[in-house]
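Structure, as structure tokens:
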Amino acid sequence: MERTGSSGRLWELQSECISGQGGAVATLPDSAPSGAELPVPGSRAAAVVKWLVELAQDDSWRMESVLSKYENQITIFADYLEEFPDTDELVWILGKQHLLKTEKSKLLSDISARLWFTYRRKFSPIGGTGPSSDAGWGCMLRCGQMMLAQALICRHLGRDWNWEKQKEQPKEYQRILQCFLDRKDCCYSIHQMAQMGVGEGKSIGEWFGPNTVAQVLKKLALFDEWNSLAVYVSMDNTVVIEDIKKMCRTLSLSADTPAERPLESLTASTQSKGPSACCTAWKPLLLIVPLRLGINQINPVYVDAFKECFKMPQSLGALGGKPNNAYYFIGFLGDELIFLDPHTTQTFVDTEENGTVDDQTFHCLQPPQRMNILNLDPSVALGFFCKEEKDFDSWCSLVQKEILKENLRMFELVQKHPSHWPPFVPPAKPEVTTTGAEFIDSTEQLEEFDLEEDFEILSI
């Protein structure tokens, strides 16, 4: 932040979650005035706002811009909880369980292995003339990146793969990381996501909700041939098995025919070649279920079902948080959700001369943050990854057993496409001669994509 004001100083507030009896502490640089450490356990978060106002009056700050920039950091202090308690309870992280009392280091290692995407600054302006930082508006986009990155890790390296600091990583890991760099030619960059959001009615620099991010990821995945994901975003709180299988089942054909086609494209001539000419394959599935679990706050009746989703081996966690404060939820302990927080602004990182990426700032090495599940905003999006068809079949069985047993169901799982819905057409890449990056550089061409309806509010 540049220096302004009569005193020539403008201090940047940095929030960190620091364990201890005093709760969270707002830590400021050495150049800050005396009293730089402000204990803010819960209700004392207001002290930070008061301090900012007093300092603003002394230094003639532009308070509107300052408070706007830091409102995320100020309002989330009350959500920070202390270090993991000494308990015999199990902690669930993306389908894996850890006994907190005896496996704490293993738990923290599992969490730090997740790719962590945060606000960045000093990247090339979005669209050529747009913002060069996503601080203050890109948090849900970053959370969407984290969920998708976890799917790609599972796809190429497996859920049990672990990351170690300053250790050489598989080439697939580096390639995954490069998909998310803040450059317009990277398929899931902040540039691509922000510009694809224009087709969803979101201006560049505008905050996204969970459903909008899900729709953006579905469309960007059409241009990603390396990962070759099928992305299904449920409608009206309903997952349709028939539609998913139609989208994911493909034909792997012989060398003289295209390598992959939708199952329904099998022609009589292909059939005549016999079983050796083709076989059914499964396109890895990223399944996103946007939900609204209440009106103004989450309905407690959904809490148990929501937590069950983190226990499923296919779990990619959840997107959510609070209005204008998005978090990536990866697990739970009791009634506390564990999340990765994108509200840290770091400098843009690009590939190095050898083609690799310095990944030290893409993993969170601090203890994870937690919040009570009842403090969650009711707008969420659950994520699941099914690499093979048997994984999807297993997921369906778990949903039938754990989710659909409730009287008030969190979402529905049906076998057949509802007759009153429009026919299901698997998403296809638009017929253009440019690359995906070039395609969405021109927002006018986004009109080829149909806008999706927002998810409905569940009855409570």
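The values are calculated or read from the model by the stated rules, or taken from the named source; none is laboratory data. Quick caveat: nothing in here was measured; it's all calculated off a predicted structure. Note that we place each Cβ from the backbone using ideal geometry, even for glycine, and neighbour counts take in every protein chain shown. Protein only, heavy atoms only, side chains kept; ligands, DNA and RNA dropped before computing areas. Shrake-Rupley method; radii C 1.70, N 1.55, O 1.52, S 1.80 Å.
Just one of the listed residues (ARG159, ARG142, ARG175, ARG183) is surrounded by fewer than 23 Cβ atoms within 10 Å (Cβ to Cβ), outside any loop (DSSP other than H, G, I, E, B) and among the basic types (Lys, Arg), namely ARG175. Only a single item in (1) in contact (Cβ under 8 Å) with a residue 12 or more places away in the chain; (2) open to solvent by 20 Å² or more (accessible area, probe 1.4 Å); (3) over 17 Å from the mean Cα position of the chain (by Cα) is not met by ASP393, and it is number (1). Apart from one condition, TYR119 fits all of (1) within 16 Å of PHE362 (Cα to Cα); (2) within 12 Å of the chain's Cα centre (by Cα); the exception is (2).
Among the residues of this structure, GLN169 does not count as one that is farther than 20 Å from ALA214 by Cα, open to solvent by 10 Å² or more (accessible area, probe 1.4 Å), in contact with a Ser or Thr (Cβ under 6 Å, 6 or more places away or on another chain) and among the polar types (S, T, N, Q).
Can you find a residue that is at pLDDT below 90 and either more than 25 Å from the chain's Cα centre (by Cα) or not in a helix (DSSP H, G or I) (or both) anywhere in segment 409-424?
Scanning segment 409-424 turns up no residue that is at pLDDT below 90 and either more than 25 Å from the chain's Cα centre (by Cα) or not in a helix (DSSP H, G or I) (or both).
Of all residues in segment 126-160, those being at pLDDT below 95 and more than 23 Å from ASP341 (Cβ to Cβ) number 5. One residue stands out in segment 305-328 among those that are of a type outside the set (Gly, Ala, Ser) and at pLDDT below 95: the one that is least open to solvent (accessible area, probe 1.4 Å), namely ASN325.
Within segment 115-139, count every residue that is among the basic types (Lys, Arg) and open to solvent by less than 10 Å² (accessible area, probe 1.4 Å). Qualifying residue count, segment 115-139: 1. When each of SER252, SER272, SER276, SER265 is tested for being in contact with a Cys (Cβ under 6 Å, 6 or more places away or on another chain), modelled with pLDDT under 95, surrounded by fewer than 17 Cβ atoms within 10 Å (Cβ to Cβ) and over 19 Å from ILE403 (Cβ atoms), the lone residue that passes is SER252. The residue that is least open to solvent (accessible area, probe 1.4 Å), counting only those in segment 279-304 that are modelled with pLDDT of 95 or more and part of a loop (DSSP other than H, G, I, E, B), is PRO284. The strands (runs of 3 or more DSSP E) located wholly in segment 337-407 that include 2 or more residues which are closer than 30 Å to ASN324 by Cα, at pLDDT 95 or above and not β-branched (Val, Ile, Thr) occupy 379-386.
This table checks each residue for (1) in contact (Cβ under 8 Å) with a residue 60 or more places away in the chain; (2) farther than 28 Å from SER133 by Cβ; (3) β-branched (Val, Ile, Thr).
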position	(1), (2), (3)
THR347	yes, no, yes
ASP350	yes, no, no
GLU353	no, no, no
VAL357	yes, no, yes
GLN366	yes, no, no
GLN369	yes, no, no
ILE373	yes, yes, yes
PHE385	yes, yes, no
